[in-house]
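Visitor: Sharing a structure with you now.
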């Protein structure tokens, strides 16, 4: 009888009807039993809560690819904003110098053109506006240019004067050469900046 009972206990152990075991087999059986008693919603929650180690890897790879596309464009936008802001600032300084020179050149006295030219070409920052703006080194040859409409009876009384100023941006004025990023045959920024101002004598 003892031998038969031992055989039955061993067969029960093999068939899984014996006492509960503690191990991976029992855990799988427990999960299966839970899944068997759970509604479909519970099964979905179990599936969602299952660990997936490959999700983090896929997300990291996607982030790197997106950054590779976005960062160069973002860098180009930032550099372009800095460069164009700098050029607009210099353009305003050139325009102010041309206006000031035109105000002096229209005055009805001998030597007004010379005084107006000094506003553009003088190396003294207290006199030359381009020198004050650190733009004198970029002034193109032959500038400033003066053109007048004079009163025939008195050449010193100028009816109207126009002053033209032009500087080059290809000799070191640029912060970033945006043309290096341009498509073939196109330009993203000019090679020179220019301004002109016209003043007329009032009461004539």
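The values are calculated or read from the model by the stated rules, or taken from the named source; none is laboratory data. Treat the numbers as computed from the prediction; the structure is a model and nothing was measured. Note that we place each Cβ from the backbone using ideal geometry, even for glycine, and neighbour counts take in every protein chain shown.
Visitor: Can you find a residue that is within 26 Å of the chain's Cα centre (by Cα) and exposed (fewer than 15 other Cβ atoms within 10 Å of the Cβ) anywhere in the stretch 126-136?
Guide: Checked the stretch 126-136: at least one residue is within 26 Å of the chain's Cα centre (by Cα) and exposed (fewer than 15 other Cβ atoms within 10 Å of the Cβ).
Visitor: Is it the case that residue 94 is modelled with pLDDT of 90 or more, crowded, with 17+ Cβ neighbours inside 10 Å and on the phi < 0 side of the Ramachandran plot?
Guide: Details: modelled with pLDDT of 90 or more: yes; crowded, with 17+ Cβ neighbours inside 10 Å: yes; on the phi < 0 side of the Ramachandran plot: yes.
Against the criterion (modelled with pLDDT of 90 or more, crowded, with 17+ Cβ neighbours inside 10 Å and on the phi < 0 side of the Ramachandran plot), residue 94 qualifies.
Visitor: Continuing with this model, one more query. Can you name the residue in the stretch 174-202 that is in contact (Cβ under 8 Å) with a residue 24 or more places away in the chain and part of a helix (DSSP H, G or I) and, of all such residues, is surrounded by the most Cβ atoms within 10 Å (Cβ to Cβ)?
Guide: 178
Visitor: Would the stretch 98-112 turn up any residue that is out of contact with any strand residue (DSSP E or B) (no Cβ under 7 Å at 6 or more places or on another chain), loosely packed, with under 12 Cβ neighbours inside 10 Å and either at negative phi or at pLDDT below 85 (or both)?
Guide: Here is the first cut: in the stretch 98-112, the ones out of contact with any strand residue (DSSP E or B) (no Cβ under 7 Å at 6 or more places or on another chain) are 100, 104, 107, 111-112.
Narrowing the set further to residues that are loosely packed, with under 12 Cβ neighbours inside 10 Å leaves 111.
Applying the additional criterion that residues be either at negative phi or at pLDDT below 85 (or both) yields none.
Within the stretch 98-112, not a single residue is out of contact with any strand residue (DSSP E or B) (no Cβ under 7 Å at 6 or more places or on another chain), loosely packed, with under 12 Cβ neighbours inside 10 Å and either at negative phi or at pLDDT below 85 (or both).
Visitor: Against the condition touching a helix residue (DSSP H, G or I) at 6+ places or on another chain (Cβ under 6 Å) and touching a residue at least 24 places away in the same chain (Cβ under 8 Å), how does residue 94 come out, does it pass?
Guide: Working: touching a helix residue (DSSP H, G or I) at 6+ places or on another chain (Cβ under 6 Å): no; touching a residue at least 24 places away in the same chain (Cβ under 8 Å): yes.
Criteria not met by residue 94.
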